[in-house]
Amino acid sequence: MASIIKQVKESVEKMDKIGVSKRELRLNGQKPEIHSHKQKEHTLSAGYNFAKWVRNEYNVKKLHQLTPKHYEKYIHHLENRERSKGHLRNIETALRFLERGFQKFSEEYGKEIITFTSEKRLIAPAKRTENIQDRSYSNFEIEQVIPKMSDNMQKAVTLMHELGLRSEEVSKIRVEHIEGGRLFISQGEGITKGGRHRLIEIPNKLNNDIEKMLEGKEETDRLVPIRSDSIRKMNNEAFKKVGLETDGRGCHGYRYAYAYKRVKELMNSKEQKMLSKVLKRYGEGKNADYGVHNKGVYNDMKEKMDLIHSELGHGKNRFDLAFRYMNSLKEV
């Protein structure tokens, strides 16, 4: 019989829906499963850690031996180790994925269906304003670090800052994804987060940089031949060389700067003011359209907000992400 560690791996595999739309599952009455490589890696890691802990603490050697008591004790154990609320919520999500995967596995093989997570989450959601900070890099910071980077790393920063790409996406974008002055990915599996399609208009000022990236390459060649972990490492090193701090922003700081910049490019002054008011109300726990009288401006603002989200690889109506990514109109 398989070990508890092997059972974790097999159960998580049952939840793998990378490349499948969450919306498509919802329309079919199914719950969202695992839709990104990062979520799968996190679920495996959380599952392995949980399995090792219950094995060591309670001699649990198979997943079917688990009970809600084991789950509660483990979460309280992590609380005592002063893990952040956000981290604990993520662990709960991962263990719920693990449970559902094991239930699928058990059903497939005619085994007993068990439930080991608690009916309600043990960790309350963070307040909307909790841990929110301006994570964007300023133009000054970017101008300082760019000269300390290699040619390929400078190209990576250009794609993150000017097109809003994640470091993982930068490392996988190929020549064939650039066509007609656009970055277009129709099937994003293994490239974009959640396998989502992506369509971004390339600004004219970026044409020369893109041409240089395409020069001498075949259709299937990557624009920037650097691994995502190397991009993150080199970014941190460049900041250290000039005596600046990343303050935990990592490569995502370029995406935040991109979002702020796009707000200014797309929205007029009335729409920008509407966005600020809406996000303020959202942060107070109110509905985004609470107290909105000018629906025309609100709808125009929201349409542009959703466009920026699509460029970032987010879904529509994500005021929670707008609160994080667009909640600043500083000069970037």
Q: Could you tell me the distance between the Cα centroids of segment 169-183 and segment 244-305, to the nearest Å?
A: 27 Å
Q: Calculate how large, on average over all directions, the projected area of the Cα convex hull of segment 205-263 is; give the answer in nm² to one decimal.
A: 5.7 nm²
Q.
Not counting ligands, DNA or RNA, and with a 1.4 Å probe, what is residue 301's accessible surface area in Å² rounded to the nearest 10?
A. 0 Å²
Q. Got a number for the accessible area of residue 241? Probe 1.4 Å, square angstrom, nearest 10.
A. 140 Å²
(Q) Among 44, 154, 19, which residue has its Cα furthest toward the positive end of the charge dipole of segment 1-155, with +1 on Lys/Arg Cβ and -1 on Asp/Glu Cβ? (A) 44
Q) How large is the convex hull of the Cα atoms of segment 243-282 per residue, expressed in Å³ as a whole number? A) 100 Å³
Q | Global geometry of segment 91-221, whether rounded, prolate or oblate, following the gyration tensor of its Cα atoms and the 1.5 cut on a/c | A | oblate
Q: Among (1) 1.12; (2) 0.96; (3) 1.02, find the value of Cα Rg over 2.2 N^0.38 Å that was calculated from the structure presented, and write down its label.
A: (1)
Q. Local charge sum around residue 21 (other residues, Cβ-Cβ under 12 Å, Lys/Arg +1, Asp/Glu -1)?
A. +2
**Q.** Solvent accessible area, Å² - residue 214, 1.4 Å probe, full protein context
**A.** 40 Å²
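What do you get for Rg/Rh of segment 44-83 when both radii come from the Cα atoms and Rh is the Kirkwood radius?
My calculation of the ratio gives 0.95.
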Q) Based on the Cβ-Cβ distance from residue 152 to residue 67, what FRET efficiency comes out when R0 is 41 Å, to the nearest 0.05? A) 0.20
Q | Relative contact order (percent, whole number), segment 31-97, Cα cutoff 8 Å, 6+ residue spacing | A | 49 percent
Q) Can you give the extra length, in nm with one decimal, that the chain gains between residue 206 and residue 87 once fully stretched, where that is 0.36 nm per residue apart less the Cα-Cα distance? A) 39.1 nm
(Q) Students often get this wrong, so check it: of 111/193; 40/304; 270/316; 148/304; 193/295, which have C-alpha atoms separated by over 25 Å? (A) 111/193; 40/304; 148/304; 193/295
Q: Take the Cα coordinates of segment 249-332, assign each an equal point scatterer, and use the Debye formula without solvent to give log10 I(q)/I(0) at q = 0.14, 0.22 Å⁻¹.
A: -0.42, -1.05
Q: Only helical DSSP H runs with n ≥ 4 go in: add -39500 (n - 2.57) per run for the chain, normalise by residue count and round the 222 nm mean residue ellipticity to 500 deg cm²/dmol.
A: -16500 deg cm²/dmol
Q.
What number comes out for accessible area per residue over the chain if the probe is 1.4 Å? Units Å², please.
A. 54 Å²
**Q.** Tensor-based shape of segment 62-120 (alpha-carbon gyration tensor, a/c under 1.5 rounded, otherwise prolate or oblate)
**A.** prolate
Q.
Once you order the gyration tensor axes a ≥ b ≥ c over the Cα atoms, which shape class does segment 20-68 get: rounded for a/c under 1.5, otherwise prolate or oblate by comparing a/b with b/c?
A. oblate
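The values are calculated or read from the model by the stated rules, or taken from the named source; none is laboratory data. Because the structure is a prediction, the values reported are computed rather than measured. A quick note on method: Cβ atoms are made from the backbone with ideal geometry, for glycine too, and the neighbour counts reach across all protein chains shown. These area figures cover heavy atoms from the full protein model, side chains too; ligands, DNA and RNA do not enter into them. Shrake-Rupley method; radii C 1.70, N 1.55, O 1.52, S 1.80 Å.
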